[in-house]
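Chemist: Below is the structure I would like to discuss, written out as structure tokens.
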Amino acid sequence: MSKNLERLNANLAKAQPSATYRMMDRVAARRAAGAKIISLSAGEPDFNTPAHICDAAVAAIRAGHTRYTQVAGMRALREAVAAKFRTENGLDVSWQDTIVCSGGKQVIYNALAATLNEGDEVIVPAPYWVSYPEMVQLCGANPVIVACGEDSGFKLTPQALAAAINPRTRWLMLNSPSNPTGAVYSRDELAALADVLLAHPHVLVLSDDIYEHLIFDNADFHTIAQIEPRLRPQTLTMNGVSKAYAMTGWRIGFGTGPRWLLDAMEKLQGQQTSGASSISQHAALAALTGPQKFISVSRAVFEQRRDLMVQLLNDTPGLKCVVPGGAFYAFASCAGLIGHRTPAGTLLNTDEDVAHALLDEADVAVVHGSAFGLAPYIRIAYALDNDSLREACQAITRFCRSLSAEHGDESI
Ligand code: GLU
């Protein structure tokens, strides 16, 4: 085994597999064995892709749009992406200022791989999406984790940002609304971060806006390059169709940024995947240019589920969660469960123990907070119908009530 490890690329050998996918695999294995699991692990909308988008894909196949496209994406889609950035985000860009990739993940990976060298640093505010630090490590660079606890609303402060920057810093990863906390940066908060970044033009910003449309309480969405246009030469603004149009499986992400960066990403992509699937690109074109009603309808559903989940979780002994402003995740502290023992005899030392015990003993799947850089928490993806969410919370509550303190029989 260790001999085979030595055969691997050293950066890959060091990196962790995706914690979200690992949990989804555990769920699949339990289901294959006949268990009925309620999965609150995968971060993807439970809705089907709207019919007009699917129809566009079928029409594209029938029309023979089944060949290679340009590496950076077909022109019609890049024009639609540029129009989206102009109208929704106030970014004055043309189609040449955009790139289309196989999912948002590939936009991020291409950008990092195109720019990072051994020893470079990338600032990753924690809690972070599981893949940021691993992608940085895959590129041979070092993630610099900046803890952003509940006291700062899980958000990076300008002071913490300034303290983390040094001459080796190449990127700041910014994600609002956030996976896993649902935290949303306000215009003023982004402006304050932008002030720090303007003083450090060697630092690039990756603004991961994938949850843009899942923002609640009538709040407005802001992206940093819009708030501070002078930051545009150092910003890659990234988005995609996965969350907004329930298109996770189609794998279409896109971005806009300085042309030198987009050119480098295109060069990399041209030697790697050749670009995104032609059929998915036609589907994404229909998503961006067709009726937009799905976005407001799904946002309203998620907001109502958010309210339900936060209430149910805060009614659960041992759990506590703040109200997330967006995305479809609740990030609940499970500090009250640590140190307790489950009926099956497992001592809950960590949030990972909690997540595994919930799956094994309550048939509910969540992802442990430490995978996102903050413990002890659990991330609950509430992308399921209300009945399933209620059923899941009942199972979690039963599980919590069944725990006993390590010394003595006292339950929580
Ligand atoms: N972004 C989703 C999540 O956090 C999908 C899985 C992944 O790519 O990590 O669950």
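Chemist: In the range 12-22, which residue that is part of a helix (DSSP H, G or I), loosely packed, with under 13 Cβ neighbours inside 10 Å and touching a residue at least 40 places away in the same chain (Cβ under 8 Å) is farthest from the ligand (Cβ to nearest atom)?
Modeler: Going through the qualifying residues, I end up with K14.
Chemist: Restricting attention to the range 73-112, and to residues there that are in contact with a Lys or Arg (Cβ under 7 Å, 6 or more places away or on another chain) and among the small types (G, A, S), which single residue is nearest to the ligand (Cβ to nearest atom)?
Modeler: The selected residue is G103.
Chemist: Which of the residues spanning the range 376-390 are crowded, with 19+ Cβ neighbours inside 10 Å and more than 16 Å from the ligand (Cβ to nearest atom)?
Modeler: Of everything in the range 376-390, those that are crowded, with 19+ Cβ neighbours inside 10 Å and more than 16 Å from the ligand (Cβ to nearest atom) turn out to be P376, L389.
Chemist: Please determine, by comparing only the residues of the range 281-326 that are in a loop (DSSP other than H, G, I, E, B) and over 19 Å from the mean Cα position of the chain (by Cα), which one is surrounded by the most Cβ atoms within 10 Å (Cβ to Cβ).
Modeler: To start, the set of residues in the range 281-326 that are in a loop (DSSP other than H, G, I, E, B) comprises 290-292, 315-319, 322-325.
Those left that are additionally over 19 Å from the mean Cα position of the chain (by Cα): 290-292, 315-319.
Working: G290: 15, P291: 11, Q292: 15, D315: 10, T316: 23, P317: 13, G318: 22, L319: 25.
The extreme case among them is L319.
Chemist: With respect to N117, is the statement that it is more than 16 Å from the ligand (Cβ to nearest atom) and either of a type in the set (K, R) or modelled with pLDDT of 95 or more (or both) true?
Modeler: Here the answer is yes, as N117 does meet what is asked.
Chemist: Condition check: touching a Ser or Thr at 6+ places or on another chain (Cβ under 8 Å) and basic (K, R). Does R305 satisfy that?
Modeler: Values: touching a Ser or Thr at 6+ places or on another chain (Cβ under 8 Å): no; basic (K, R): yes.
Here the answer is no, as R305 does not meet what is asked.
Chemist: Within the range 120-132, count every residue that is more than 19 Å from G253 (Cβ to Cβ), within 16 Å of the ligand (Cβ to nearest atom) and assigned to a loop (DSSP other than H, G, I, E, B).
Modeler: The number of residues fulfilling the criteria is 1.
Chemist: Still on this structure, please answer the following. So R187 clears everything in (1) buried (at least 18 other Cβ atoms within 10 Å of the Cβ); (2) closer than 30 Å to V100 by Cβ except one condition, right? Which one?
Modeler: Failing condition for R187: (1).
Chemist: Output the residues belonging to the range 356-375 that are closer than 16 Å to A28 by Cα and within 13 Å of the ligand (Cβ to nearest atom).
Modeler: Selection gives A365, V366, V367.
Chemist: Something else: Between P177, P158, P167, which is modelled with pLDDT of 95 or more and within 16 Å of the ligand (Cβ to nearest atom)?
Modeler: Of P177, P158, P167, the one residue that is modelled with pLDDT of 95 or more and within 16 Å of the ligand (Cβ to nearest atom) is P177.
Chemist: Which condition number does E44 fail, the rest of (1) under 16 Å from R379 (Cβ atoms); (2) among the acidic types (D, E); (3) open to solvent by 90 Å² or more (accessible area, probe 1.4 Å) being met?
Modeler: In the conditions (1) under 16 Å from R379 (Cβ atoms); (2) among the acidic types (D, E); (3) open to solvent by 90 Å² or more (accessible area, probe 1.4 Å), E44 misses (3) alone.
Chemist: Sticking with this structure for a sec: Tell me, yes or no, whether the range 181-196 has at least one residue that is modelled with pLDDT of 95 or more, of a type in the set (V, I, T) and farther than 27 Å from Q292 by Cα. Reasoning before the result, please.
Modeler: Initial filter on the range 181-196 (modelled with pLDDT of 95 or more): 181-196.
Applying the additional criterion that residues be of a type in the set (V, I, T) yields 181, 184, 196.
From what's left, farther than 27 Å from Q292 by Cα: 196.
Yes.
Chemist: Give just the number: which of (1) more than 24 Å from Q96 (Cα to Cα); (2) open to solvent by 30 Å² or more (accessible area, probe 1.4 Å); (3) not aliphatic (A, V, I, L, M) does P177 not satisfy?
Modeler: In the conditions (1) more than 24 Å from Q96 (Cα to Cα); (2) open to solvent by 30 Å² or more (accessible area, probe 1.4 Å); (3) not aliphatic (A, V, I, L, M), P177 misses (2) alone.
Chemist: Got at least one residue in the range 226-247 being hydrophobic (A, V, I, L, M, F, W, C), at pLDDT 95 or above, open to solvent by 10 Å² or more (accessible area, probe 1.4 Å) and more than 14 Å from the ligand (Cβ to nearest atom)?
Modeler: yes
Chemist: Go through the range 134-170 and give me each residue that's open to solvent by less than 30 Å² (accessible area, probe 1.4 Å), part of a loop (DSSP other than H, G, I, E, B) and more than 18 Å from P180 (Cα to Cα).
Modeler: Result: C139, G140, A141, I165.
Chemist: Take the residues in the range 23-51 that are in a helix (DSSP H, G or I) and small (G, A, S), then tell me which one is farthest from the ligand (Cβ to nearest atom).
Modeler: A51
The values are calculated or read from the model by the stated rules, or taken from the named source; none is laboratory data. This one's a predicted model, so the numbers in the text were calculated from it and none came from an experiment. Glycine gets a Cβ as well: all are built from the backbone with ideal geometry, and neighbour counts include every protein chain shown. Only protein heavy atoms, including side chains, enter the accessible area calculation; ligands, DNA and RNA are left aside. Shrake-Rupley method; radii C 1.70, N 1.55, O 1.52, S 1.80 Å.
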